[in-house]
């Protein structure tokens, strides 16, 4: 067993590699490694080394070539800065990724892939960087726990629990170009170096801790708050004062440390100047911290990405504060103050839930603290039976987290706002559901049309001949979609009079039945002008329809803004299979007029329209 304890970080790395190979498919356009915010963090590298274009005009090129054509995962990171553009993200990630980018560049040349910064070798290089930093974070965490008084087996167990029992796994495997696994590793490394600096003083630990802190700041400036953890790590006023005295007396070490920090801190200044002609730029535009409007309880307990709701092991770890209080009150008050301040600041961001997948992501960076508090919790439990029960609880929470990781990778939890009802509906499910969640506050008006298939509804409804009474969901009739007539009962209507705002969404729901995995059928919204299709939009039913069981299907589509006033929408299910049928029942079509505000013009889960061909 001692070898298992000794090589815990390596075992975790192997497990992560296996999980990556099962759940991640970088060769597919919708599952690239460089994605979401990561496109903005990464863009500095191809902009400097390949395109020589810090105005990022190459965005459209790589989006067209490597990402979904409907722009569902398009990420606009270019903000206006006067007459020029600026990448809104800090360049810390680009600094970390530079060697991996260069490795991908060489591999692209060797393997005859396009050397454009986004082909598969680059995607896999960034995935490799996430796995490497995960391993470094695990190593430093295990060592840090031992410095705080853990034995080898407890340190190994808590490291396993922290790495596998939290949403760190999602942001290492599924979204590895986000900042969090890197910040987790660097903050853990910073705490490890600071501990050595204050308890085993050597000049090298000052240089290393300052380097780690500078990188942490360059990636996410708000994470600079971790400097407040220094007294907690020092453990007492005496140690704090004595070590600062030693540091300030060593002028050569101070010069080395601050020289490397200033060189790194100059990177964003130079990049801002090259992009805009100004040395200092607030690149986030209208996105700001609203200190007078915190969401303190929501960021912790909301069904909509609340930290403790989706990462309950973090909540359990907070009980370790009691053990810390009994052991060292100085450390207790510094850590408590830091946690309260950090939670407050994070909750003040304009989008406090951070459009996060798989729980609240901003706290991943601090999971070294979760590990340390778990250690103090275990140390405070003296009774053997209670300690065993606590161990069982931690194992169950790790299992729950792995289950929820699976659910989030399969999109069982919705990608947008989650209510209590959505959470409960998803919690017990192992199958992906075709659902769309449009926030109630976004809806200005709705006009609905329904067809229960029980009778002919009139001229607005197409393909009434497909109605049959062989199989049905409710009543006695349904629409049979097969090779003879591959189109279901559907609606054909002019849309100009159905909406009251310019922000328009068509939401479609129905019950469907298929004899096998429905890989061919689609739900179609076809916009036509003068009898000609100008924007053909489809939702593929594959992976949503349970075999041989009536399944509720729901999808929503934005209406293109540049349609001609007399345009028509045709809405129906299409089954091109020559061998398998599809039944459709209880069709409902909602024409939703949404408030014409930025937050509601790109709701996650609502399909963006295909380009209108006029």
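Table: residues versus (1) within 21 Å of the chain's Cα centre (by Cα); (2) in a helix (DSSP H, G or I); (3) in the same structural domain as residue 272 (by TED's automatic domain parsing); (4) surrounded by 16 or more Cβ atoms within 10 Å (Cβ to Cβ).
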site: 86; (1), (2), (3), (4): no, no, yes, yes
site: 89; (1), (2), (3), (4): yes, no, yes, yes
site: 94; (1), (2), (3), (4): yes, yes, yes, yes
site: 117; (1), (2), (3), (4): no, no, yes, yes
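Does any residue of region 281-296 turn out to be more than 30 Å from residue 55 (Cα to Cα) and either assigned to a helix (DSSP H, G or I) or in contact with a strand residue (DSSP E or B) (Cβ under 8 Å, 6 or more places away or on another chain) (or both)?
The initial filter retains those residues of region 281-296 that are more than 30 Å from residue 55 (Cα to Cα), namely 291-296.
The next check asks that each one be either assigned to a helix (DSSP H, G or I) or in contact with a strand residue (DSSP E or B) (Cβ under 8 Å, 6 or more places away or on another chain) (or both); those that pass are 296.
Yes, some residue in region 281-296 is more than 30 Å from residue 55 (Cα to Cα) and either assigned to a helix (DSSP H, G or I) or in contact with a strand residue (DSSP E or B) (Cβ under 8 Å, 6 or more places away or on another chain) (or both).
Is it true that some residue in region 320-334 is more than 24 Å from the chain's Cα centre (by Cα), in a loop (DSSP other than H, G, I, E, B), more than 22 Å from residue 180 (Cα to Cα) and in the same structural domain as residue 163 (by TED's automatic domain parsing)?
There is at least one residue in region 320-334 that is more than 24 Å from the chain's Cα centre (by Cα), in a loop (DSSP other than H, G, I, E, B), more than 22 Å from residue 180 (Cα to Cα) and in the same structural domain as residue 163 (by TED's automatic domain parsing).
Only one of (1) touching a helix residue (DSSP H, G or I) at 6+ places or on another chain (Cβ under 7 Å); (2) modelled with pLDDT of 95 or more is not met by residue 263, so which one is it?
Every listed condition holds for residue 263 apart from (1).
(1) farther than 26 Å from residue 273 by Cα; (2) crowded, with 18+ Cβ neighbours inside 10 Å; (3) without any contact (Cβ under 8 Å) to a residue 40 or more places away in the chain: which one isn't true of residue 78, the others all being true?
The single condition residue 78 does not satisfy is (1).
Which pairs do you get when a residue that is assigned by TED's automatic domain parsing to the domain that holds residue 314 and touching a residue at least 60 places away in the same chain (Cβ under 8 Å), found in region 383-402, comes within reach of a residue that is surrounded by 16 or more Cβ atoms within 10 Å (Cβ to Cβ) and not in a helix (DSSP H, G or I), reach meaning Cβ atoms under 6 angstrom, with the pair 6+ apart or on two chains?
Matching pairs, first to second residue: 397/165; 398/165; 401/165.
The values are calculated or read from the model by the stated rules, or taken from the named source; none is laboratory data. All figures in this text were calculated on a predicted structure; none of them were measured in a lab. Note that each Cβ is placed from the backbone with ideal geometry, even for glycine, and that neighbours are counted across all protein chains shown.
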